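Novice: Before anything else, here's the structure in question.
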Amino acid sequence: MSRNLIIDTAKVFVPFLQPSRYKGAHGGRGSGKSHFFAEKMIEECLAERGTRAVCIREVQRTLKQSSKRLIEDKLTDFRLGEADGFKVFNEVIQTPGDGLIAFQGMQDHNAESIKSLEGFRVAWTEEAQTLSARSLSLLRPTIRAKGSELWFSWNARRKSDPVDMLLRGAALPTDAIVLQANWRDNPHFPAVLEQERQDCLRLQPDQYPHIWEGEYASVLVGAYYASSLARAKEDGRTGRVAADPLLPIRMFVDIGGTGARSDAFCMWAAQFVGREIRVLNYYEAQGQTSGTHIAWLRKNGYTPDVAEIVLPHDGETHDRVFDVSYESAFQAAGYVVTIVPNQGRAAASARIEAGRRLFPACWFNGPTTEGGTDALGWYHEKRDEARNIGLGPEHDWASHGADAFGLMAIFAEKTFAEDSRRPAIVDDGIEYGGGGWMG
């Protein structure tokens, strides 16, 4: 009976039926990715007696967080039990020929303990978007038995997540099959999920592309700028934006350092055209010297005759590795530099509120600002869930680009306020407004 098991495979997953070292399926909710791999694991255990397989998650504190229940349900659906060689235990599932399916969290492993998985032929990582680079580097060489396979299923979050860099990067590893599966690829997509999908489209349009269509998460739930970004897209303010050749371009900076673990250095390029903010470009680097940043400016046409530099108050501070401040480095390269005064103890909140107020005036050049808008969509509050209180902005990869954006908003508000108070100059019947802020 077990040898003649027939499994109905959705068309999208047919490429996975052939052997390959890497199998990766990414996409949104309701696609059937997990169901396919659970069924495929049972099929592998039937086809090759004695197969040892492991279901992996980055963090697995209890078996409730594992894929064990799903595999048990599939065994029930297929009417496979002890007579067929399958026996469910508390921690593992025994498979035909003294094989087994184990369930483990990668955070519980180190270079020594991971050796316990040597000899396993199949490793399926569910929720692979949470897998760390460390865990991936431990897992890949450990699963090395003849004909071994590494399976990954995930709903993508960011391009820089380790699994995306491995399986969706410019060059794939040898013998890899990677595909996208979404709700429309599931021939058994249930009516209850269809209602959930429709509700998400209606009530959470900013989250829908990520949750249901498998797109990268451009807006995190609860992010400071979530609604502002959604409105900008709805209003058509994220597309192609051209620079005005008659107006200066300002580079708004959040400074980093030159050490290996330093914060990121970020710059937004923008022009103020009347009360409209044209956001033209975004740059981010980590651990690089000021010379690298200046080289990028020149390469992209932001030379001293075109661009000005706007730094936060700590732009005057000398770098910890190289005894030079960013202010002096940019000035030595010929740039006009403005230092924005410290906003005080509530500086982060001031930048966020200014950013929210000014967002309706912002037009983003989509192709060159994607990295920055990704940061804005992720920038969120850190919370103490136990006490249900906010702890201020989360300091992570997104905070530096968001801080530079907030600096731009602070600067813009002061500029617009100065311009509104400055008397107009009348020449031949034409009115001309005032100049910039702080001289």
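The values are calculated or read from the model by the stated rules, or taken from the named source; none is laboratory data. Owing to the predicted nature of the structure, the values given are computational and were not obtained by experimental measurement. Using ideal geometry, Cβ is built from the backbone for each residue, glycine included, and neighbour counts are taken over all protein chains shown. These area figures cover heavy atoms from the full protein model, side chains too; ligands, DNA and RNA do not enter into them. Shrake-Rupley method; radii C 1.70, N 1.55, O 1.52, S 1.80 Å.
Novice: Within the stretch 195-240, work out how many residues are under 26 Å from Glu385 (Cα atoms), touching a Cys at 6+ places or on another chain (Cβ under 9 Å) and either of a type in the set (Ser, Thr, Tyr) or not in a helix (DSSP H, G or I) (or both).
Specialist: 3
Novice: In the stretch 18-33, which residue that is touching a Leu at 6+ places or on another chain (Cβ under 7 Å) and farther than 18 Å from Asp161 by Cβ is surrounded by the fewest Cβ atoms within 10 Å (Cβ to Cβ)?
Specialist: If we take residues in the stretch 18-33 being touching a Leu at 6+ places or on another chain (Cβ under 7 Å) and farther than 18 Å from Asp161 by Cβ, then Arg21 is surrounded by the fewest Cβ atoms within 10 Å (Cβ to Cβ).
A quick yes/no check of all residues on (1) free of Cβ contacts under 8 Å to residues at least 24 places away in the same chain; (2) surrounded by fewer than 21 Cβ atoms within 10 Å (Cβ to Cβ):
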site: Gln204; (1), (2): yes, yes
site: Gly236; (1), (2): yes, yes
site: Pro245; (1), (2): yes, yes
site: Cys266; (1), (2): no, no
site: Val279; (1), (2): no, no
site: Ala285; (1), (2): no, yes
site: Thr292; (1), (2): yes, yes
site: Ala295; (1), (2): yes, yes
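Novice: Quick one: count up the residues across the stretch 95-107 that are over 10 Å from Arg57 (Cβ atoms) and either part of a strand (DSSP E or B) or open to solvent by 40 Å² or more (accessible area, probe 1.4 Å) (or both). Talk me through it step by step, then tell me what you get.
Specialist: Looking only at the stretch 95-107, we keep the residues that are over 10 Å from Arg57 (Cβ atoms), and these are 95-102.
Applying the additional criterion that residues be either part of a strand (DSSP E or B) or open to solvent by 40 Å² or more (accessible area, probe 1.4 Å) (or both) yields 95, 98-102.
Qualifying residue count, the stretch 95-107: 6.
Novice: Right, another one. How many residues are open to solvent by 40 Å² or more (accessible area, probe 1.4 Å) and within 14 Å of the chain's Cα centre (by Cα) if we restrict to the stretch 372-395?
Specialist: Counting residues in the stretch 372-395 that are open to solvent by 40 Å² or more (accessible area, probe 1.4 Å) and within 14 Å of the chain's Cα centre (by Cα) gives 1.
Novice: Next question. Go through the stretch 76-117 and count every residue that is without any contact (Cβ under 8 Å) to a residue 12 or more places away in the chain and among the acidic types (Asp, Glu).
Specialist: Matching residues across the stretch 76-117 total 3.
Novice: I'd like to verify a number: residues in the stretch 129-157 that are open to solvent by 60 Å² or more (accessible area, probe 1.4 Å), part of a loop (DSSP other than H, G, I, E, B) and either within 21 Å of Gly371 (Cβ to Cβ) or in contact with an Asp or Glu (Cβ under 9 Å, 6 or more places away or on another chain) (or both), how many?
Specialist: The number of residues fulfilling the criteria is 2.
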